[in-house]
Amino acid sequence: MMTDKIRFLMCAPDHYHVDYVINPWMEGNIGKATYDRAVDQWTKLHHIIKDHAIVDLINPEKGVPDLVFTANAGLVLGDKVVLSRFFHKERQGEEPYFKTWFAAQGFEVFELPKDLPFEGAGDALLDREGRWLWAGYGFRSELDSHAYIAKWLDVEVLSLRLMDDRFYHLDTCFCPLANGYLLYYPPAFDAYSNRLIEMRVAPEKRIVVEEPDAVNFACNAVNIDSIVIMNKASDRLKEKLTTLGFQIIETPLTEFLKAGGAAKCLTLRVTEPVHVEVHANVPVESRKIRLEGHLLDSGLISRALDSITENGGSFQVLNFNLGEQRQSTSAAEVKVSAPSLEVMEDIVSRLIDLGAVAMPQDVRDAELLPVVKNGVAPDDFYVSTIYPTEIRVQGQWIPVQKQRMDGAIVVNLGEGKEGGKAGKEGKGGKKKVKITAECKLLRDLKKGDHVMVGVGGIRTIRKTESREIRNSSQEFSFMSGSVSSERRVEIVVEQVAWELRQIRDQGGKVVVTAGPVVIHTGGGEHLARLVREGYVQALLGGNAIAVHDMEQALMGTSLGVDMKRGTAVSGGHRHHLKVINNVRRYGSIAEAVKQGMVSQGIFYECVQAGIPFSLAGSIRDDGPLPDTQMDLIKAQEHYAELIRGADMILMLSSMLHSIGVGNMTPAGVKMVCVDINPAVVTKLSDRGSIESVGVVTDVGLFLSLLTKQLDKLTSPYQQLVGK
Ligand code: ARG
């Protein structure tokens, strides 16, 4: 009989008990596995398997209770075995016993490098047709082990990332069956892995189990031809498997579930035929990167390493040079691995944002592809960030202009309008070409533009965050990306006032984005004063702030509410429409000011001082004012133009306009976001850049404190001479 040749390795539970906790199933179960019942359950399983295959036994040993889970001995293919390297020290004592057994059976034994965990057939399951190997990672096995396995066993490895700690081994939630079927629990895997599974296994071959079956370890099944042996299955699952031609044998293994194992874990198939037509193919990608800076003090290294694992990769720190003095920087070299190029590029682009660079020997030019349709980037285009970026073209690092997030990087090769033809014409010698690069929005891409794709040949320039600044108390520093609450408001105000004065005195640029709440909360007069005194170089907002500012100037109300008394004025709800109507008559805000219709307020001061403003329209705008730009693309462009060169941006209670502005602004520009809603503040100050500060407070109060603080800053000399 064919099945006679199939052999399994098992280990009697003489010394089995729950002795420690290394998975969620063991929690609360220390000492709870009953010896007699365990022996009984194991013996039944042993008999069932013996009916269909040969069972080899390894001697039980004291002190290694999980030795019963022979699936974790190693991974067998043909006459080769890759020995497990256990993740937890609790199980590392099993390794020599399994090694001795495999060697005695004549297997060629492969051992992974120290500290590279891999837990054998618990985390690596051959397709039953032998076409490839499914390998799990995320809890017990390291992704990098997959590359060794592929090489040693000459098999294609498909890496699957486990996400749910109840299903810490691949065999707890995934079971390839005969005839190309697959029994599995999809929520145990990340999205990429699910996609991979769906690409390799046709829909009619996928048998999805529901959570109740999954937690009964229905996927932890032993499959011998059409026989499927498991702890327990729901009627529905049994019916399904039966109609597909399988015969289910249930045998209770509850005592072993207390340790997080069941049928499959208790067995290791040691006869796995080699399919000659199958060869190694390791989609596992590896790349080395370098990080430099105050890696420890600024937390950069942990952010980088976390971002690798959180996004589906794994890493090995090859080198870590810890700076010895407080001010010396550290450098790290890290090998990053990912299950595919796609995942790798995602991880690498995140690391680039953190300032990672390629190793000197790997530095290469960025890959450029031409735009073939106006307004559409090539697939895989690099998405720009707020960080100052450089791109490598023809061996030179070119600084990217107009840095902003969510754009594409376009390189101008200095070829002139004819693009590629320049080369042929240039026979009169090598004229020096000036290569430039800039961020462009998708809609601005033109046919023939050279757009950067992939993640090679790019770096972001991160100022080495001084460790002092990082660690100093947040109150006295801009350099905290944190949200300030009540008590800190005053301290932040002092800091902002000081900065505003500094920027004004040095001829710098402050841009304000403001929402109508500024007026409703009584901040209008203070903002007007900031404009009048030269603290504001550009003002951005929507239709409403201008309408309410002028309504207040003309009628003393804001949306019909008397600003002095705080009560609604009768007929006041029509005030703002009358204002709009009047300004429309004049044709523009500037005209309304010049003709004397508006004689105070924020917009009055802007017109008087020649401060440019931009009003971006929206669907809910009344009117609108003649100045309100209802073409949003034009409005975005005008905003971008006014933001350029800003040293600081004050965002005053306008979620929409502030977020829009945040998206257009490169890192390095100080942003102060004031809003009563912490969610808005968090969203804006959490740009992963240290220069933004959030203040959760009433904006009217903030502005009033700010002007008071600016008064205090007047020098004693100025006070003496009276101006
Ligand atoms: N207590 C063991 C562990 O946590 C159970 C191993 C189960 N084996 C398996 N192949 N899933 O390692």
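The values are calculated or read from the model by the stated rules, or taken from the named source; none is laboratory data. Predicted model, so just to flag it, every value in this text is computed and none were measured. Backbone-built Cβ (ideal geometry, glycine too); neighbour counts: all protein chains shown. Quick note on the areas: whole protein, heavy atoms, side chains included, nothing else; ligands and nucleic acids left out. Shrake-Rupley method; radii C 1.70, N 1.55, O 1.52, S 1.80 Å.
Inside region 146-168, can you point out the residues that are open to solvent by 10 Å² or more (accessible area, probe 1.4 Å) and touching a residue at least 60 places away in the same chain (Cβ under 8 Å)?
A147, Y148, K151, W152, L153, D154, E156, R161, D165, R166, Y168
Considering only region 368-397, state which residues are assigned to a loop (DSSP other than H, G, I, E, B) and either among the hydroxyl-bearing types (S, T, Y) or open to solvent by less than 30 Å² (accessible area, probe 1.4 Å) (or both).
Residues satisfying the conditions are V371, G375, A377, P378, Y382, S384, T385, I386, Y387.
Are there any pairs, at least 6 apart or on different chains, whose C-beta atoms fall under 9 Å, with the first in region 498-520 and more than 16 Å from L615 (Cβ to Cβ) and outside any helix (DSSP H, G or I) and the second of a type outside the set (D, E) and open to solvent by 40 Å² or more (accessible area, probe 1.4 Å), and if so, which?
What qualifies is G508/Q502; G508/Q537; G508/G645; K509/Q537; K509/R644; K509/G645; V510/R504; V510/Q537.
Among the residues of region 4-14, what is the count of those that are open to solvent by 20 Å² or more (accessible area, probe 1.4 Å) and either in contact with a strand residue (DSSP E or B) (Cβ under 9 Å, 6 or more places away or on another chain) or in a strand (DSSP E or B) (or both)?
4
When residues of region 88-108 are filtered for being free of Cβ contacts under 8 Å to residues at least 40 places away in the same chain and within 16 Å of the ligand (Cβ to nearest atom), how many remain?
So the count comes out to 6.
Which residues, taken from region 98-125, are more than 30 Å from the chain's Cα centre (by Cα) and open to solvent by less than 20 Å² (accessible area, probe 1.4 Å)?
Answer for region 98-125, where residues must be more than 30 Å from the chain's Cα centre (by Cα) and open to solvent by less than 20 Å² (accessible area, probe 1.4 Å): F98, F102, L112, G120, A121.
Looking at region 147-160 only, could you name the residues that are over 24 Å from the mean Cα position of the chain (by Cα) and within 18 Å of N194 (Cα to Cα)?
Passing the criteria: E156, V157.
Out of A178, A191, report the one residue that is away from the ligand (no atom under 16 Å from the Cβ) and within 22 Å of H275 (Cα to Cα). If you could, list the steps in order and put the result at the bottom.
Details: A191 fails: within 22 Å of H275 (Cα to Cα).
Going through A178, A191 in turn, just one is away from the ligand (no atom under 16 Å from the Cβ) and within 22 Å of H275 (Cα to Cα): A178.
Give the number of residues within region 547-570 that are open to solvent by 30 Å² or more (accessible area, probe 1.4 Å), farther than 17 Å from Q600 by Cα and of a type outside the set (A, V, I, L, M, F, W, C).
The number of residues fulfilling the criteria is 4.
Does G136 fit the bill of being open to solvent by less than 30 Å² (accessible area, probe 1.4 Å) and at pLDDT 95 or above?
Details: open to solvent by less than 30 Å² (accessible area, probe 1.4 Å): yes; at pLDDT 95 or above: yes.
Yes; evaluated as a whole, the condition is true for this residue.
Kindly indicate whether any position in region 613-626 is within 37 Å of the chain's Cα centre (by Cα) and without any contact (Cβ under 8 Å) to a residue 12 or more places away in the chain.
Yes.
Report, by residue number, each residue of region 38-61 that is open to solvent by 20 Å² or more (accessible area, probe 1.4 Å), over 12 Å from A12 (Cα atoms), in contact (Cβ under 8 Å) with a residue 12 or more places away in the chain and out of contact with any helix residue (DSSP H, G or I) (no Cβ under 6 Å at 6 or more places or on another chain).
I48, I54
Examine region 222-231 for a residue that is farther than 26 Å from L77 by Cβ and either at pLDDT below 95 or within 16 Å of the ligand (Cβ to nearest atom) (or both), and state whether such a residue exists. Please lay out each step first, then the result.
Let us first name the residues in region 222-231 that are farther than 26 Å from L77 by Cβ, namely 231.
Keeping just the survivors that are either at pLDDT below 95 or within 16 Å of the ligand (Cβ to nearest atom) (or both) gives 231.
The answer is yes, given that some residue of region 222-231 is farther than 26 Å from L77 by Cβ and either at pLDDT below 95 or within 16 Å of the ligand (Cβ to nearest atom) (or both).
Which helices (runs of 4 or more DSSP H) sit wholly inside region 173-282 and have at least 1 residues that are more than 35 Å from the chain's Cα centre (by Cα) and without any contact (Cβ under 8 Å) to a residue 12 or more places away in the chain?
Helices (runs of 4 or more DSSP H) meeting the threshold: 235-243.
Out of everything in region 62-87 that is β-branched (V, I, T) and within 12 Å of the ligand (Cβ to nearest atom), what residue ends up being surrounded by the fewest Cβ atoms within 10 Å (Cβ to Cβ)? Write out each step before concluding.
Of all residues in region 62-87, those β-branched (V, I, T) come to 64, 68, 70, 76, 81-82.
Right, trim to within 12 Å of the ligand (Cβ to nearest atom) and you get 64, 68, 70.
Working: V64: 21, V68: 26, T70: 27.
Step by step, filter region 62-87, then rank; the result is V64.
I49 fails exactly one of the following numbered conditions: (1) within 13 Å of the ligand (Cβ to nearest atom); (2) under 21 Å from D171 (Cα atoms); (3) hydrophobic (A, V, I, L, M, F, W, C). What is the number of that condition?
Of everything listed in (1) within 13 Å of the ligand (Cβ to nearest atom); (2) under 21 Å from D171 (Cα atoms); (3) hydrophobic (A, V, I, L, M, F, W, C), I49 misses just condition (1).
Only one of (1) within 16 Å of the ligand (Cβ to nearest atom); (2) modelled with pLDDT of 95 or more; (3) over 17 Å from A71 (Cβ atoms); (4) open to solvent by 30 Å² or more (accessible area, probe 1.4 Å) fails for H17. Which number is that?
(2)
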